[in-house]
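Enquirer: After the structure tokens below, expect a handful of questions from me.
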Amino acid sequence: MFAVVREAIDVTRWNRLVEDDSAGAFVFFEGRVRDNAEGRKVQSLAYEVYDVLAEKEGARLLHEALARFPIARAACVHRAGHLSIGDTAVWVGVSGAHRTGAFEACRFIIDELKQRVPIWKKEFYAEGDSGWVDHSAVGARAVRQP
Amino acid sequence: MPKGRPSVSEPKSVSLDYFAIFREVRKKDRETISTSAGTLGELYEELRERYHFLLPQASLRVAVNDEFASWDSLLSEGDRVTFIPPVAGG
């Protein structure tokens, strides 16, 4: 299951979604908002999401993970809206018979999500300015347009 | 036009959904426009001139009616087009 939510991620509830009697290994990844980026002090973040397409693409990448790795279940949830330092922005959970597949699948899901799922992140800096994060930009990480 | 001649076609009405930097530049999240662009790529170049979007087409993806599409896809009357700036989930 893949979802985009606008309230705090209930990690305990999500953990239960990957429970499986055939699984001996459970790998969870939690991405939280940190107070710095590329040497700049960050005060908060805002995530903007193209909900319909994000949920389609997120579901597709979970299916790809299930086809590609020896795992039992996979789930992922991402926040939208304004987040504070320490808030959980994304959670990924994978269960499988053994740890290797579960670790690899969890890594695959978070890496692919960052590249493919239409979610945008705006950083609000301590100096008062803000910018959209663009990992693809050479030299400039946050893009602005007047 | 930056390069070549666009394929000329009858003007059509399409709607644009804006996210992130596009929403901020246009100061709205949706609008309906009339265009004679034949493909999605031509549409973006037309709007880039009209609205002074700075992001090059190569840095974007595009979706039509809530599904990813290629820039050379033909544009149809009533399409809902979304330009997807570089994503940054996680």
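No value in this document is a laboratory result; all are computed from the given coordinates. Values in this document were obtained by computation on a predicted structure and should not be read as measured data. In this analysis, Cβ positions are derived from the backbone assuming ideal geometry, glycine residues included, and neighbour counts consider all displayed protein chains.
Enquirer: Could you quote the convex hull projected area for the protein assembly as shown, Cα atoms only and averaged over all directions, in nm²?
Expert: Average projection, Cα convex hull of the protein assembly as shown: 14.2 nm².
Enquirer: Greater than 22 Å separation of Cα atoms is the criterion. Which listed pairs, A:K41/B:K28; A:K121/B:K27; A:K121/B:K28; A:K114/B:K28; A:K56/A:K121; A:K122/B:K27, meet it? Please report the intermediate quantities before stating the final value.
Expert: Numbers: A:K41/B:K28 29 Å; A:K121/B:K27 18 Å; A:K121/B:K28 18 Å; A:K114/B:K28 26 Å; A:K56/A:K121 19 Å; A:K122/B:K27 16 Å.
Those over the limit are A:K41/B:K28; A:K114/B:K28.
Enquirer: Along each of the three principal axes of the Cα atoms of the stretch A:43-135, give the extent in whole Å, ordering the values from largest to smallest.
Expert: Dimensions of the stretch A:43-135 along the principal axes of its Cα atoms: 48, 26, 19 Å.
Enquirer: Which distance in Å, rounded to a whole number, links the C-alpha centroids of the stretch B:57-84 and the stretch A:14-84?
Expert: Cα centroid to Cα centroid, the span is 26 Å.
Enquirer: Quickly estimate the mean residue ellipticity at 222 nm for chain B, helices only: each DSSP H run with n ≥ 4 gives -39500 (n - 2.57), and the total goes over all residues, rounded to 500.
Expert: Estimated from H runs of four or more residues: -6000 deg cm²/dmol.
Enquirer: Place a +1 charge on the Cβ of each Lys and Arg in the stretch A:69-130 and a -1 charge on the Cβ of each Asp and Glu, then give the dipole magnitude about the Cα centre in debye, rounded to the nearest 20. Please list the in-between numbers first.
Expert: On the way: 8 positive and 7 negative charges, 65 e Å.
So the magnitude is around 320 debye.
Enquirer: Let me ask another. Under unit Cβ charges (Lys, Arg +1; Asp, Glu -1), what dipole magnitude, rounded to 20 debye, does the stretch A:3-144 have relative to its Cα centre?
Expert: Its charge dipole is roughly 160 debye.
Enquirer: Let me ask something else. If you build a Gaussian network model of chain A, linking Cα atoms that sit under 10 Å apart, which residue out of A:A54, A:A23, A:A126 swings the most?
Expert: Residue with maximal mean-square fluctuation among A:A54, A:A23, A:A126: A:A126.
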